[in-house]
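Input: a single structure, listed below in structure tokens.
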Amino acid sequence: MGSFPSPVLLSVEGGNQKAELTWSQSTVSGLSKFKVYRSTKSISDTATVGLVVDTLWSGRRAFKDSGLTNLTRYYYRIKGVTSAGLESGFSNELSIRPNAPPTPPDSLIAEAGVRMVYLRWTASKSGSVKRYALYRGSTLR
């Protein structure tokens, strides 16, 4: 455990070969930077490997990690560092599996029926799509 409160990872969002982390940090006198750790295995409290970046300015609360392999699970933790070189303990751990979003369905056709609407579309060209979600909205007049 470090000599001051650890950062708290709030979220990690995945995308195509990337992840975006957000965190919070209690007010710490002399806080100068953050270190971000990433691994394909859970990161222990005593880990010494997996450092991705160690120069994130203390005013930052987000980091974009890129060059990841889609569908591989990545684990993240963060440490805070003071100007005197003191480190916090590790933050909580969050994980993500980045992935390329599927292509949307094509050629949506709506046909009016009696008190209903029939919808047809061409399937997505992404082979991994298992189901579709339908959202209904209204138009202002």
What tally of residues in region 1-30 results from selecting those that are touching a residue at least 24 places away in the same chain (Cβ under 8 Å), part of a strand (DSSP E or B) and touching a Ser or Thr at 6+ places or on another chain (Cβ under 6 Å)?
5
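Filter region 78-103 for residues that are among the hydroxyl-bearing types (Ser, Thr, Tyr) and more than 14 Å from the chain's Cα centre (by Cα); which is farthest from Pro7 (Cα to Cα)? Spell out how you get there, then give the answer.
Here is the first cut: in region 78-103, the ones among the hydroxyl-bearing types (Ser, Thr, Tyr) are 82-83, 88, 91, 95, 103.
Next, from what is left, pick out any that are more than 14 Å from the chain's Cα centre (by Cα): 82-83, 88, 91, 103.
Values: Thr82: 13, Ser83: 16, Ser88: 8, Ser91: 5, Thr103: 36 Å.
Within region 78-103, the match that is farthest from Pro7 (Cα to Cα) is Thr103.
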Would you check if there is a residue in region 77-90 being surrounded by 12 or more Cβ atoms within 10 Å (Cβ to Cβ), on the phi > 0 side of the Ramachandran plot and not β-branched (Val, Ile, Thr)?
no
Please go through region 6-31 and give me each residue that is more than 20 Å from the chain's Cα centre (by Cα) and exposed (fewer than 15 other Cβ atoms within 10 Å of the Cβ), ordered by number.
Ser26, Thr27, Ser29, Gly30
Conditions (1) in contact with a Pro (Cβ under 8 Å, 6 or more places away or on another chain); (2) surrounded by 12 or more Cβ atoms within 10 Å (Cβ to Cβ); (3) among the small types (Gly, Ala, Ser); number of the one not met by Gly50:
(1)
Which numbered condition Trp121 fails, given (1) assigned to a strand (DSSP E or B); (2) closer than 24 Å to Pro5 by Cβ; (3) touching a Pro at 6+ places or on another chain (Cβ under 7 Å); (4) free of Cβ contacts under 8 Å to residues at least 40 places away in the same chain:
(2)
What is the residue count in region 53-77 for residues that are under 16 Å from Leu9 (Cβ atoms) and under 14 Å from the mean Cα position of the chain (by Cα)?
10
Of the residues that sit in region 81-115 and are free of Cβ contacts under 8 Å to residues at least 60 places away in the same chain and among the acidic types (Asp, Glu), which one is farthest from Ser39 (Cα to Cα)?
Glu111
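From the list Gly85, Gly89, exactly one residue is within 20 Å of Trp23 (Cβ to Cβ) and assigned to a loop (DSSP other than H, G, I, E, B). Which is it? Give the steps one after another, and end with the answer.
Working: Gly85 fails: within 20 Å of Trp23 (Cβ to Cβ).
The match here is Gly89.
Readers should treat all values here as calculations from the given coordinates under stated rules, not as data from a laboratory. Bear in mind the structure is a predicted one, so any value in this text is a computation, not a measurement. So basically every Cβ, Gly included, is an ideal-geometry build from the backbone, and we count neighbours across all protein chains shown.
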